[in-house]
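Below is one structure, written out as structure tokens; the observations come after it.
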Amino acid sequence: MREGLFIAFSLFTIAAASGVVLSRNPVYSAFSLILSFFGLSGLYLLWGTTFMAMIQILIYTGAIVVLFVFVVMLLNLQVNKESSPNFLIVGISGAAVWFFSLIILRVLTQAIPNTLPAIPTDQIRTISKLLFTRYLWPFEVLSLFLLVMIIAIFAITRTQEIPHGGEKQ
Amino acid sequence: MLSAPHILIAMILLPLLGSILNGLIFRPAFAKRAGVIATFFAASSFICAALLFLNLHNGAPSISWAMDWFDVGDFHQKWGLKFDSLTAVMALVVTGIGSLIHLYSIGYMSEETGPSRYFAYLNLFLFNMLVLITSDNLLGLFVGWEGVGLCSYLLIGYWYEDLDKAKAGMKAFLVNRIGDAGFLIGIFYCYTIFHTIRFDEIAKLLSTSSQFDLHLLNITAFFLFVGATGKSAQIPLYVWLPDAMAGPTPVSALIHAATMVTAGVYLICRMNFLYMLTADTNAIIAWVGVATALFAALIATSQKDIKKVLAYSTVSQLGLMFLAVGCRAYFAAVFHLMTHAFFKALLFLGAGSVIHGLHGEQNIVHMGGLRKKMPGTFLTCLIATAAICGIPPLSGFFSKDTILFSALAGSNQGMTLWILGLVASTLTAFYMTRMFVLVFLGEYRGEAHPHESPWVMLLPLLILALGSAFTGFLGVPHGLHIIPNYLEHYLSSVLIEFPEQATSVSEHSAMFIATGLAVAGISVAGFFYSKLSRAESALRGLRPLQFIFANKFWIDELYYLLLVGPFKRISAFLAVVIDPKVVDGLALFPARVSSGVSIVLNVLQSGLVQFYLTILLLGGLWVLWHSMKGWVI
Amino acid sequence: MKFPLSITYWSHFVSVAMFSLGLLGFLLRKNTIVVLMCIELMLNAVNLLLIETSMRTNTPEGIIMVVFVVTVAAAEVAVGLGIVLNLYRMKGTVNLDHFKSLRG
């Protein structure tokens with residue numbers, strides 16, 4: 001049963017990902033992205049990480065894709081501004097890349113044991129404890145990083161008003 | 001207290017100082033003052049020379065001085081000065097006549113704008129000539145040699161706006177250069193044989209040991225003679241001297257009559273200890289000398305430009321000097337050098353006076369009757385002409401007869417050389433009289449208004465006339481038993497005496513024959529040229545010969561055809577074809593290659609991010625592939 | 001709950017497929033914003049792999065890494081879109097072929 005769901009979600013995610021890559025309309029791409037994130041979230045649930053599934057939806061679909069859609073709407077991008085990618089080329093090279101990457105991945109993960117343990121129920125507790133003890137340093141740096149990013153964005157995108165009127169970027 | 005070496009250095013450096021002053025400080029407004037300054041320095045140099053001469057005369061040994069110059073490997077060269085009797089004679093002549101010519105130039109160049117350049121060059125020339133004659137080694141002499149060549153170029157091409165005059169200057173310098181190449185080879189041979197290039201050391205080596213290869217000595221002497229040929233205008237390198245008449249006349253007087261052209265003679269006399277031993281080269285020198293004398297005399301008989309006549313006359317007289325040298329009569333050569341300096345300088349300055357008085361006319365056909373209009377010039381030139389023709393008791397008589405007699409006595413082919421020398425001297429008398437008659441006697445044939453020259457120009461003429469007249473008494477030959485030969489005795493410390501030899505013709509007879517022929521030459525020329533029409537009608541038969549002589553045997557054209565023309569064509573070819581295409585091509589080849597490569601590689605810099613990332617990815621895959629090759633896949 | 005081994009294989013399958021699709025879109029699409037989306041795809045593929053490994057071996061480090069990745073991805077998207085906005089202001093287009101001023 002679980003496997004069946006897993007297969008379904010997998011195919012769904014892959015289809016959505018193809019949609020992102022292959023559609024001409026950037027809005028369609030954005031929506032396909034949302035769908036792929038949902039698929040991923042489902043996969044995470046099936047793996048048992050409820051926390052990550054929620055994080056995925058909250059942050060990715062809730063913030064990042066919103067930002068994407070916002071920018072797409074702001075720029076009022078037209079459809080077909082670019083020549084659409086040649087599906088055949090994309091398909092074949094995609095298949096090739098996927099095939100070889102898979103092989104490599106298999107080889108690389110051979111050493112990792114498949115122990116298949118049980119799901120810990122208090123996942124969030126474990127993670128939070130680790131975040132604030134062992135991984136405190138990266139955690140704090142990350143918050144600082146976010147602050148810097150905010151300032152950076154502000155600096156990059158602001159427009160300045162010049163006294164005689166008009167705007168300067 | 002000034003010691004003798006200091007005076008020697010002062011003598012040499014004073015003209016240099018004058019040259020620098022005139023060259024750097026004076027503005028064109030100070031025109032006349034430039035001449036005075038230059039003359040002052042030249043005269044002070046003469047005073048130093050006189051002081052040194054007196055010092056030497058009073059029994060002091062020759063003065064030497066040396067300063068470290070440069071060292072290259074085993075070759076340690078000092079800048080050495082030597083003032084012995086030969087240098088004394090040369091120095092007095094050079095500075096004395098030089099000062100007179102400086103004085104004369106003040107008047108001659110009075111209409112020039114900015115003659116300070118002229119006087120700077122003139123002083124510089126004096127400096128270089130003094131360097132030449134006071135050096136105690138071949139290299140220092142060569143420095144002065146080159147220096148006078150440079151000044152000669154600068155002064156001949158003084159009016160450089162006229163392209164022909166500038167070309168004449170260049171011709172002088174280039175022809176000289178060819179001689180200089182020979183000179184340098186001679187110096188190299190000298191060093192190879194003797195391992196020294198100082199005169200006294202070479203003299204000592206040659207006198208003490210006799211293991212030197214005679215053949216090598218001959219070669220050395222020959223190459224040094226080639227250098228002398230260039231500087232002293234002998235065949236085949238005389239072609240620059242007639243063209244050098246493009247310069248101002250005082251320049252011709254100083255450089256091309258009295259001083260620079262005698263440098264070649266001086267060189268050989270300085271190295272007389274070498275030339276005493278080289279019989280083969282001496283034969284060459286003697287024959288070249290007499291051939292030049294004859295050749296130039298023939299050309300001079302048909303020249304119409306007053307300065308050209310005198311130029312070829314100079315070449316001819318130099319030929320006689322080399323004849324003497326080739327017969328090992330070094331004193332005779334120096335003696336004739338001295339007397340020739342006086343009367344030739346006088347002739348040139350007189351010609352300058354005539355040209356100045358006629359406001360630039362140089363063609364003797366348009367002159368005549370200047371006896372009345374320019375009496376001072378007339379009288380002094382009369383003395384000079386008589387001297388050069390060899391009329392006793394003027395100086396030219398004594399010196400020329402010394403040469404001719406030593407030619408007769410001094411070599412195996414003496415008789416032939418003597419006869420040829422006599423022919424040359426007779427021709428000299430002929431063409432000089434021709435010139436004199438056409439310029440000063442008869443009626444004036446021109447259109448200008450001749451006037452006598454100012455005193456600054458006449459005074460030197462007077463002094464030189466006195467010299468031309470009386471200098472001969474310094475070197476009266478032994479054979480006449482009148483008065484001792486002061487000059488020969490004075491120079492005996494440096495110049496090896498001429499060996500007495502029995503001859504078929506006695507000295508007295510030779511003198512009579514020579515003088516008689518000279519008088520004959522004068523009479524013929526005087527008779528024919530006193531009326532120009534008479535000359536033209538009488539000589540109609542000789543017209544073809546005259547044509548050849550007047551065209552200088554077309555030697556210049558021959559040189560151009562054989563040497564200069566092809567050289568120019570080769571240069572043009574190199575400049576237009578080889579230099580841009582081959583040399584530049586070769587130099588630019590790496591540049592072009594890298595340029596081409598970069599154009600090809602530019603494809604990789606498309607500016608497109610995705611392209612870069614694709615390459616990045618491929619590179620990463622390649623690295624991955626290689627790092628995993630060892631693993632089992 | 002025990003996990004059947006097969007979902008490991010499927011996870012790898014999806015992860016690699018998403019990654020390769022993202023990679024290709026990243027290299028082949030001309031619209032800058034779509035390219036940024038493909039970057040997100042690739043990041044998510046990696047996230048999936050990390051979580052799969054972490055859950056399979058019962059270690060929490062994988063999940064913590066995913067937390068960091070998500071954070072950084074969010075920040076990076078924001079900045080990237082800011083830059084895209086600037087590009088649009090400069091050139092009037094977001095077609096990557098038009099941004100060639102570093103050419104040569």
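All of the numbers you see were taken from the coordinates with simple rules; none came from a lab. Note that this is a predicted model, so its numbers are computed, not measured. Positions of Cβ are generated from backbone atoms using ideal geometry, with glycine treated the same way; all protein chains shown enter the neighbour counts.
Miscellaneous remarks
- Theoretical FRET efficiency, 1/(1+(r/R0)^6), r = Cβ-Cβ of B:L13 and B:S110, R0 25 Å, to 0.05: 0.30
- Residue among C:N31, C:I63, C:A75 farthest towards the positive dipole end of chain C, charges placed on Cβ: C:N31
- With respect to chain B, whose longest principal axis is taken over its alpha-carbon atoms, helix B:507-529 is tilted by about 80°.
- Computed from point charges on the beta carbon alone (+1 for Lys and Arg, -1 for Asp and Glu), the dipole magnitude for chain C about its Cα centre is near 400 Debye.
- Taking a ≥ b ≥ c as the square roots of the Cα gyration tensor eigenvalues, the protein assembly as shown comes out prolate, since a/c reaches at least 1.5 and a/b is larger than b/c.
- Rounded to 10°, Cα long-axis angle of helix B:279-300 versus longest principal axis of chain B: 70 degrees
- Dipole-positive endmost among B:L54, B:C151, A:A95 within the protein assembly as shown (Cβ charges, Cα centre): A:A95
- Ordering of A:101-107, B:246-252 by burial proxy (mean other Cβ atoms within 10 Å per residue, highest first): B:246-252, A:101-107
- Net dipole in debye of chain B [+1 Lys, Arg Cβ; -1 Asp, Glu Cβ; about Cα centre; nearest 20]: 1240 debye
- About its Cα centre, the dipole of the protein assembly as shown is roughly 2060 debye, where the only charges are +1 on Lys and Arg Cβ and -1 on Asp and Glu Cβ.
- Net charge contributed by nearby residues that have their C-beta within less than 15 Å of B:M511 (K/R +1, D/E -1): -1
- Charge dipole (the protein assembly as shown, unit charges on Cβ, about Cα centre) - positive-most of B:Q317, A:S10, B:V365: A:S10
- B:V72-B:V36 pseudo-label distance in nm [points 7 Å out on the Cα-to-Cβ vector]: 4.6 nm
- Inter-chain neighbour count for B:383-393: the average number of beta-carbon atoms from partner chains within 10 Å of each residue's beta-carbon is 0.
- Peptide A:50-62 has a mean of 3 when you count, residue by residue, the C-beta atoms of other protein chains within 10 Å of its C-beta.
- Highest mean packing comes first when the peptides B:193-203, B:347-357, B:44-54 are listed by Cβ atoms within 10 Å, giving B:347-357, B:44-54, B:193-203.
- Potential extension, B:L24-B:V576 segment - 0.36 nm per residue separation minus Cα distance: 194.8 nm
- Summarising the overall dimensions of chain B from its C-alpha atoms, the Rg and Dmax are 30.6, 126 angstrom.
- Links that overshoot a 31 Å alpha carbon limit, given the list B:K308/B:K400; B:K165/B:K344; B:K552/B:K581: B:K552/B:K581
- Local charge for B:L604 was computed over the other residues whose Cβ lies under 15 Å away, with Lys and Arg +1 and Asp and Glu -1, and equals +2.
- Based on DSSP H segments of at least four residues, each scored -39500 (n - 2.57), chain B has a per-residue ellipticity at 222 nm of -22500 deg cm²/dmol.
- Neighbour net charge for B:V89 - beta-carbon separation under 15 angstrom, K R +1, D E -1: 0
- Burial order of peptide ranges C:14-22, B:445-453 (average beta-carbon count within 10 Å, highest first): C:14-22, B:445-453
- Using alpha-carbon coordinates, inclination of helix B:455-470 to the longest axis of chain B, degrees: 70 degrees
- Global form of the range A:1-77, assessed from the alpha-carbon gyration tensor, a/c cut-off 1.5: oblate
- Neighbouring Cβ atoms from other chains, within 10 Å of the Cβ of residues in A:19-28, number 5 on average.
- Placing dummy labels 7 Å off each Cα toward the beta-carbon, the span from A:L11 to B:L613 is 3.0 nm.
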